[in-house]
Amino acid sequence: MSLGKFITLEGGEGTGKSTQAKLLRAYLESCGLQVVLTREPGGSPGAELIRHLLVEGAPDRWDPLSEYLLFSAARRNHVQNTIVPALTEGCWVICDRFYDSSRVYQGVARGLNLEFMDNVYEMVAEGIVPDLTFLFDLPAELGHDRVQVRMGREDRFEQMGVAFHQKVRNAYLKLAEGNPDRFRVIDARGYPEAIADDVIKVLVSKFPELHSRS
């Protein structure tokens, strides 16, 4: 059995990643593929426990190093218990956020040393690199406005303000520019269905074998 594909969805707050992840899963399942939809932080029982520590509470609850180590512990559990088993079984794995989020949020936006982060990631993720990463891009102000209507318990990062999220957006765009083979930037300002069409066009271009399945 061949290994599955690993697709990650990245972007700032309010960019609609979670909606697009579900639409992407539906498309791939319509192609007759086995699909696992997961997320970070979380995606496995142990990682979901850590998730509550990261996404709830005050913005200053954790310093950048503590925050990254918590993300790394969750990621290790997620990789071992969800991602690797699914890929080994030939499933296509869709992950709402992965390591690129850490590089952007804890690294660039919060000032943690990127070389240190990369070294930890190599130990945590056993060399896993996404086959394709969609970056859903949206002006920080618009993303901030969108999340105001859904603020709840899991709003720690949303509370960090527009200036912080502008740093996040800039860092994502720079990361995508430096990794053009893996990243595809998607304009997230439109209707979900239109954005999903853009995603599918990119996906089929990247994986031509989907032509015969759709």
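Laboratory data are not the source of any read-out in this text; all were calculated from the coordinates shown. From a predicted model like this one, the values you see are computed outputs, not experimental measurements. For neighbour counting, all protein chains shown are included, and Cβ atoms are generated from backbone atoms with ideal geometry for every residue, glycine included.
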- [ ] Please report 117, 123 as a ranked list, fewest other C-beta atoms within 10 angstrom at the top and most at the bottom.
- [x] 123, 117
Task: Paramagnetic label zone (point 7 Å from Cα along Cα-to-C-beta, residue 200; backbone N under 12 Å) in the stretch 18-47 - done: 23-31
Open item on the list: Using a 7 Å offset from the Cα along the Cα-to-Cβ direction at both residue 173 and residue 189, what is the distance between the two label points in nm, to one decimal?
Closed with: 1.2 nm
TODO: Pop the C-beta distance of residue 63 and residue 211 into the FRET formula with R0 = 45 Å and round what comes out to the nearest 0.05.
DONE: 0.40
TODO: Give the relative contact order (percent, whole number) for the stretch 51-126; include only Cα pairs under 8 Å separated by 6+ residues.
DONE: 40 percent
- [ ] Neighbouring Cβ atoms within 10 Å as the yardstick, rank 24, 210 fewest first.
- [x] 210, 24
- [ ] Compute the FRET efficiency between residue 30 and residue 159 as 1/(1 + (r/R0)^6), taking r as their Cβ-Cβ distance and R0 = 35 Å, and round to the nearest 0.05.
- [x] 0.40
Open item on the list: Given axes a ≥ b ≥ c from the Cα gyration tensor, I'd like to know whether the stretch 1-71 is rounded (a/c under 1.5), prolate (a/b larger than b/c) or oblate.
Closed with: prolate
TODO: Would you check the chain for Lys pairs whose C-alpha atoms are within less than 22 Å, ignoring same-chain pairs closer than 8 in sequence, and give me the count?
DONE: 11
Task: Total charge dipole magnitude, the stretch 44-183, about the Cα centre, Cβ charges on Lys, Arg, Asp, Glu only, Debye to nearest 20 - done: 240 debye
- [ ] Based on the mean of other Cβ atoms within 10 Å per residue, sort peptides 55-62, 85-92 so the most packed one is first.
- [x] 85-92, 55-62
Open item on the list: Defining a contact as two alpha carbons under 8 Å apart and six or more residues distant in sequence, what relative contact order in percent does the chain show?
Closed with: 33 percent
- [ ] Can you find, among 125, 92, 168, the residue farthest towards the positive end of the dipole of the chain? Put +1 on the C-beta of Lys and Arg, -1 on that of Asp and Glu.
- [x] 92
Task: Extension gain (nm, one decimal) between residue 81 and residue 49, 0.36 nm per residue minus Cα-Cα - done: 10.1 nm
Open item on the list: Below 8 Å between Cα atoms, with a sequence gap of 6+, how large is the relative contact order for the stretch 115-214 in percent?
Closed with: 34 percent
Task: Neighbourhood net charge (13 Å Cβ-Cβ; Lys/Arg +1, Asp/Glu -1) for residue 120 - done: -2
Open item on the list: Full-extension gain between residue 126 and residue 56, please, as 0.36 nm times their residue separation minus the C-alpha to C-alpha distance.
Closed with: 22.4 nm
